[in-house]
């Protein structure tokens, strides 16, 4: 696996501070199992010989759950817990994109995310994308994904 795994964990912790916010998805073992049951493309990565260089987390869900999240009625963790495997999903939460610094601005996160969105769209009639902005780069990626897919994009206010 090489040294990239530990570096990716540091990138995630620095960007999202998820260990300090119990309302965020933490991608622990239980959550990884739920994500895999929801759809195999929820957790996507690009690797090189030293391990992961890009991690993408997308959560297909329903527009009803999306609206409750966008309105602040439920947390990110609750969004995941309320998304049931086997449901007809019609929205995708663009949860996170993490990239090692030396691989940024090369279009890799966009490619991995588009491949994951396409895989989800093969079995679900997706009508919207939504995200919670943590950085300008994240906002730019979400906007680019919406443009590339032709789907409307909704943003959660802080």
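The values are calculated or read from the model by the stated rules, or taken from the named source; none is laboratory data. Remember, it's a predicted structure, so these values are computed and weren't measured experimentally. Here Cβ is always computed from backbone atoms with ideal geometry, including for glycine, and neighbour counts include all displayed protein chains.
Annotations
- Check on residue 27, buried (at least 17 other Cβ atoms within 10 Å of the Cβ), closer than 25 Å to residue 122 by Cβ and in contact with a helix residue (DSSP H, G or I) (Cβ under 7 Å, 6 or more places away or on another chain): no
- Qualifying residue in segment 81-102 (condition: surrounded by fewer than 15 Cβ atoms within 10 Å (Cβ to Cβ), under 26 Å from residue 47 (Cβ atoms) and either touching a strand residue (DSSP E or B) at 6+ places or on another chain (Cβ under 8 Å) or without any contact (Cβ under 8 Å) to a residue 40 or more places away in the chain (or both)): yes
- Those residues of segment 64-78 which are farther than 16 Å from residue 127 by Cα and touching a strand residue (DSSP E or B) at 6+ places or on another chain (Cβ under 8 Å), in sequence order: 69, 76
- Residue check, residue 157 over 23 Å from residue 12 (Cα atoms) and part of a loop (DSSP other than H, G, I, E, B): no
- Scanning segment 116-133 for residues that are within 21 Å of residue 52 (Cβ to Cβ), surrounded by 14 or more Cβ atoms within 10 Å (Cβ to Cβ) and over 11 Å from the mean Cα position of the chain (by Cα) yields a total of 2.
- Test set (1) modelled with pLDDT of 90 or more; (2) part of a helix (DSSP H, G or I); (3) surrounded by fewer than 21 Cβ atoms within 10 Å (Cβ to Cβ) - residue 5 fails condition number: (1)
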